[in-house]
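Have a look at the structure below, then the notes.
The values are calculated or read from the model by the stated rules, or taken from the named source; none is laboratory data. Predicted, not measured: the structure shown is a model, and the values here were computed from it. Here Cβ is always computed from backbone atoms with ideal geometry, including for glycine, and neighbour counts include all displayed protein chains.
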Amino acid sequence: MNDKASWSTAISATLHCLTGCAIGEVLGMVLGTAFGLRNAATVVLSIALAFVFGYGLTMRGVLRSGMGFGQAFKVALAADTVSIAVMELVDNTVIVAVPGAMDAGLGNWLFWASLVFSLVIAFVVTVPVNKWMIGRGLGHAKVHAHHHH
């Protein structure tokens, strides 16, 4: 595959990752707040869940193409590690940087606004990263090799 990845491919790969990340983030924040965890623990939990859901969504697609679990996990790992890492890095940096966002709590619009804001920034940063990787046959290009459209 020597054709350069299209922006639409990169955007769909990023949205895919964003979905998993957002589910994990929100769940992590909700659980962290519910259990009264400290901010650092909540962030760690959110990131862990973001990876779980990010990989999970990718694996679901790959497993559907008939691949074995171990192989599917390797593909997901190759496809999503960088984009999830970039996304989480940006996302959590923004949330931590927004004054009071971490302490705002789930009932507070500031918390959700900063989460949405951070996910938007993460999305904008991650799309070019994904485009670059897919163009080189890395990242989500590995997943698309196994998808049966």
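Among the residues making up the stretch 42-56, those that are surrounded by 19 or more Cβ atoms within 10 Å (Cβ to Cβ) and under 18 Å from Thr19 (Cβ atoms) are Ser46, Ile47, Leu49, Ala50, Phe51, Phe53, Gly54, Tyr55.
Total residues in the stretch 1-22 satisfying the condition of being more than 9 Å from the chain's Cα centre (by Cα), of a type outside the set (Gly, Ala, Ser) and not in a loop (DSSP other than H, G, I, E, B): the figure is 3.
Is one or more of the residues making up the stretch 50-71 touching a Gly at 6+ places or on another chain (Cβ under 9 Å), outside any loop (DSSP other than H, G, I, E, B), of a type in the set (A, V, I, L, M) and at pLDDT 90 or above? Taking every residue of the stretch 50-71 in turn, at least one turns out to be touching a Gly at 6+ places or on another chain (Cβ under 9 Å), outside any loop (DSSP other than H, G, I, E, B), of a type in the set (A, V, I, L, M) and at pLDDT 90 or above. Filtering the stretch 10-22 for residues that are out of contact with any Pro (no Cβ under 9 Å at 6 or more places or on another chain) and farther than 15 Å from Gly139 by Cβ leaves a non-empty set.
Out of all the residues in the stretch 74-85, is one or more among the charged types (D, E, K, R), in contact (Cβ under 8 Å) with a residue 24 or more places away in the chain, under 16 Å from Lys142 (Cβ atoms) and crowded, with 22+ Cβ neighbours inside 10 Å? Yes, the stretch 74-85 contains at least one residue that is among the charged types (D, E, K, R), in contact (Cβ under 8 Å) with a residue 24 or more places away in the chain, under 16 Å from Lys142 (Cβ atoms) and crowded, with 22+ Cβ neighbours inside 10 Å. Of the conditions (1) without any contact (Cβ under 8 Å) to a residue 24 or more places away in the chain; (2) under 25 Å from Ala10 (Cα atoms), Gly54 fails just one. Which one is it? Gly54 satisfies every listed condition except (1). Is the stretch 38-49 home to any residue that is over 19 Å from Trp7 (Cβ atoms) and out of contact with any Gly (no Cβ under 9 Å at 6 or more places or on another chain)? Yes, the stretch 38-49 has at least one match.
Within the stretch 97-143, the set of residues being modelled with pLDDT under 75 and surrounded by fewer than 19 Cβ atoms within 10 Å (Cβ to Cβ) comprises Gly105, Leu106. When Val120, Val125, Val116, Val143 are checked against the criterion of being free of Cβ contacts under 8 Å to residues at least 60 places away in the same chain and closer than 30 Å to Ser65 by Cβ, a single residue qualifies: Val125.
One residue stands out among those in the stretch 19-41 that are over 25 Å from Met59 (Cα atoms) and in contact (Cβ under 8 Å) with a residue 40 or more places away in the chain: the one that is surrounded by the fewest Cβ atoms within 10 Å (Cβ to Cβ), which is Asn39.
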